[in-house]
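Report on the following structure.
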Amino acid sequence: MAFKARKMGAFRVSDLDVALKRLDAALDAAEAAVGRALDAADAARAREEELNVFADDRLRLAGLLDEAAARAEAANEGDRELAARVDAAIAAVSAVLAEAEG
């Protein structure tokens, strides 16, 4: 929008060109700021989604850990029961051998 510098009331056309260029630069800066704000909002949403995925994984893994701990406790109980039976069998065999020797 190039105008020759001529008087237009109190302003000259070249002053209007300068003002329009400043307005254009301000609008470009505002557009860039809005773009950065939208990018930041998108990044925040992506982080929030990632945190939700992590939270879901944590809950799933906590459940699996609880199940594994319960199975381990059941196995330990079985081991204790088996050890008690073996000890009783050893005691019974020892008693029979002691009686036979005796």
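Computed from the coordinates by the stated procedures, all read-outs in this text should not be read as laboratory data. Every value quoted in this text rests on a predicted model; they were computed, and no experiment measured them. FYI the Cβ positions are ideal-geometry reconstructions off the backbone, even for glycines, and counts take in every protein chain you see.
Taken about its Cα centre, the chain carries a charge dipole of roughly 1780 debye when the Cβ of each Lys and Arg holds +1 and the Cβ of each Asp and Glu holds -1.
For the Cα atoms of the chain, what angle does the longest principal axis make with the long axis of helix 13-101, in degrees from 0 to 90, nearest 10? The angle comes out near 0 degrees.
Sorted from fewest to most neighbouring beta carbons within 10 Å, what does the list SER94, SER14 look like?
Fewest-to-most ranking of SER94, SER14: SER94, SER14.
According to the square roots a ≥ b ≥ c of the eigenvalues of the Cα gyration tensor, what is the shape class of the chain, taking rounded for a/c under 1.5, prolate for a/b larger than b/c otherwise, and oblate for the remainder? Note, shape of the chain comes out prolate. Ordering VAL93, LEU65, GLY35 by the projection of their Cα atoms onto the charge dipole of the chain, which places +1 on the Cβ of Lys and Arg and -1 on the Cβ of Asp and Glu, puts GLY35 at the extreme positive end. Of all stretches in the chain that contain no trypsin sites (Lys or Arg not before Pro) in a DSSP loop with at most 10 other Cβ atoms within 10 Å, the longest one is 7-102.
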